[in-house]
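K.L.:
Handing you a structure now.
The values are calculated or read from the model by the stated rules, or taken from the named source; none is laboratory data. As the structure is a computational prediction, the values presented were derived from the model and not from experiment. We place every Cβ from the backbone using ideal geometry, glycine too, and count neighbours over all the protein chains shown. In case anyone asks, the SASA skips ligands and DNA or RNA and just uses the protein heavy atoms, side chains included. Shrake-Rupley method; radii C 1.70, N 1.55, O 1.52, S 1.80 Å.
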Amino acid sequence: MLIKYTLLSTAILAATSLSIQAAESSHGFFNDSTLDLNLRSYYFNRDKVGQADSIALSQALRLDFTSGYAYDLLGFDASLFSSQKLSGEAGRGGTGLLQDERGSQRGYSKVGQAFVKLKFGDNVKIKAGRMLLNTPLLNDSDSRSTPSSTQAVMAQAQLSGANLYAIWSDQSSAKTNQSFEKYTDSSGSDYEIKVIGVGYTFDNGLDLNLAYAQADDVLKQSYLNLSYPYKISDRMTLTLDGYFYSGEAAGRALGHVSANYDSDLLNLAAQLAFDHSKLTLYYQQVDVDGYQESWEGDDDNGLSTWNSVQRLDFDRAEEQSWQLRFDHDFKQVKGLSFMTRYTHGDNIERAGQTDGSEGERIVEL
């Protein structure tokens, strides 16, 4: 009988110990969690020639929940996006701040992010669900009231100093769309996007990034970025930066890409940083067809090049463009900065002639 009681006591103590350990392990989920609220007021006014201007004023709310990892393994993140109309007349849409519905502008709300995340040690992470992506060939834009979003599975790993990632995606949601839509080609058939990428920084400061993406039998893209900082003195650094994109149709046509689409884009930059200022010169060249970075559907994918500025990407057929930019941070007022840039592109092929041109001037304070 004594043996039975001893075994029973041992079992109870063991179960209690496991319960306490489990509770302590799960505390990481809540103790490391954060809840962030971001409010963004946005006024947009774009003059248009020959048609109604695009004008709206919105008040956006973004609520982000980021969890810790239960058992140092499992977590869950979610975000609520909402943009409500303060002002926006019917017929003056196209601002990207509100929904354009039957000629009127309306507010919207949606679950922009909701994904499960797994962590295996310090080097491997996996997440699956709705999320914001920021990779060269598959990314989401946050240039209006709320960001676009992507439904995907993403795996990331660190191996011998290299940062590797892989993405699979089947749906996306534009900034003002409340739902997630499948990627579809010109015939209405669905397709999926697959991306692999790697980044590595060498001991001498040279930074290398490579990526390849393919949308089934629709479109494939490759990406290369090289960046090297050279320290001239304690107060002056010269950074050389280069991008190369290559896009090619893989069979089926998209709305913006023909079945024989083939294009390359090269972007080179030299930036001189001195004290609190930066002076940068960029050059970009597009071969053959205008470069198409979009995967269609509700995709809001954008280029990472320096000549992809606020309004234009300077990525038209045979276009050659250059940009001069100046940045300055005012040390007298913390957070106050100034930037101005001018970008000019010419040699654009239009109707068989390479005489088109375009330009963009930007001043920010």
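K.L.:
Go through region 274-284 residue by residue and tally those that are part of a strand (DSSP E or B), out of contact with any Leu (no Cβ under 8 Å at 6 or more places or on another chain) and open to solvent by 30 Å² or more (accessible area, probe 1.4 Å).
P.N.:
Total satisfying the criteria: 1.
K.L.:
Still on this model: Collect the residues in region 259-272 that are surrounded by fewer than 16 Cβ atoms within 10 Å (Cβ to Cβ) and in contact (Cβ under 8 Å) with a residue 12 or more places away in the chain, keeping them in residue-number order.
P.N.:
Scanning region 259-272 gives D262, A270, L272.
K.L.:
Only one of these conditions is not met by Y42: (1) modelled with pLDDT of 95 or more; (2) open to solvent by less than 50 Å² (accessible area, probe 1.4 Å); (3) under 19 Å from S141 (Cα atoms). Which number is it?
P.N.:
(2)
K.L.:
Quickly run through region 74-116 and pick out the residues that are under 12 Å from I55 (Cβ atoms) and of a type in the set (S, T, Y).
P.N.:
S87, T95
K.L.:
I'm checking my understanding of the structure. Among residues of region 26-52 that are out of contact with any strand residue (DSSP E or B) (no Cβ under 6 Å at 6 or more places or on another chain) and among the polar types (S, T, N, Q), which one is nearest to L86 (Cα to Cα)?
P.N.:
So, considering only residues that are out of contact with any strand residue (DSSP E or B) (no Cβ under 6 Å at 6 or more places or on another chain) and among the polar types (S, T, N, Q), the one nearest to L86 (Cα to Cα) is Q51.
K.L.:
Scan region 233-258 for residues that are of a type in the set (A, V, I, L, M, F, W, C), open to solvent by 30 Å² or more (accessible area, probe 1.4 Å) and outside any strand (DSSP E or B) and jot them down.
P.N.:
Listed by number, the residues that qualify are A250, A253.
K.L.:
Oh, and also: Assess whether Y230 counts as being touching a Ser or Thr at 6+ places or on another chain (Cβ under 8 Å) and not polar (S, T, N, Q).
P.N.:
Spelling it out, Y230 is indeed touching a Ser or Thr at 6+ places or on another chain (Cβ under 8 Å) and not polar (S, T, N, Q).
K.L.:
Considering only region 317-336, state which residues are farther than 27 Å from R350 by Cβ and without any contact (Cβ under 8 Å) to a residue 40 or more places away in the chain.
P.N.:
Q332, V333, K334, G335, L336
K.L.:
Search region 63-81 for residues that are open to solvent by 10 Å² or more (accessible area, probe 1.4 Å) and pair each with any residue that is assigned to a loop (DSSP other than H, G, I, E, B) when their beta-carbon atoms are under 6 Å apart and the residues are at least 6 apart or on different chains.
P.N.:
Short answer, once both residue conditions are applied: F76/S67.
K.L.:
Taking region 207-232, which residues are under 30 Å from S186 (Cα atoms), polar (S, T, N, Q) and crowded, with 19+ Cβ neighbours inside 10 Å?
P.N.:
Q214, Q221 - these are the residues of region 207-232 that are under 30 Å from S186 (Cα atoms), polar (S, T, N, Q) and crowded, with 19+ Cβ neighbours inside 10 Å.
K.L.:
Scan region 82-121 residue by residue and report those that are free of Cβ contacts under 8 Å to residues at least 12 places away in the same chain and part of a loop (DSSP other than H, G, I, E, B).
P.N.:
R102, G121
K.L.:
Next question. Among the candidates L312, L324, L336, L303, single out the residue that is loosely packed, with under 13 Cβ neighbours inside 10 Å and at negative phi.
P.N.:
The unique qualifying residue is L336.
K.L.:
Same structure, new question: Please give the number of the condition D142 fails out of (1) closer than 27 Å to Y243 by Cβ; (2) buried (at least 21 other Cβ atoms within 10 Å of the Cβ).
P.N.:
(2)
K.L.:
Scan region 339-351 residue by residue and report those that are open to solvent by 70 Å² or more (accessible area, probe 1.4 Å) and either part of a strand (DSSP E or B) or in contact with a Phe, Trp or Tyr (Cβ under 9 Å, 6 or more places away or on another chain) (or both).
P.N.:
Result: E349, R350.
K.L.:
To continue, here is another question. Report yes if some residue within region 237-248 is under 26 Å from the mean Cα position of the chain (by Cα), modelled with pLDDT under 95 and not hydroxyl-bearing (S, T, Y); otherwise report no.
P.N.:
Looking for residues that are under 26 Å from the mean Cα position of the chain (by Cα), modelled with pLDDT under 95 and not hydroxyl-bearing (S, T, Y), one finds at least one in region 237-248, hence yes.
K.L.:
Where residues in region 162-191 are open to solvent by 70 Å² or more (accessible area, probe 1.4 Å) and among the charged types (D, E, K, R), which of them is farthest from Q105 (Cα to Cα)?
P.N.:
D190
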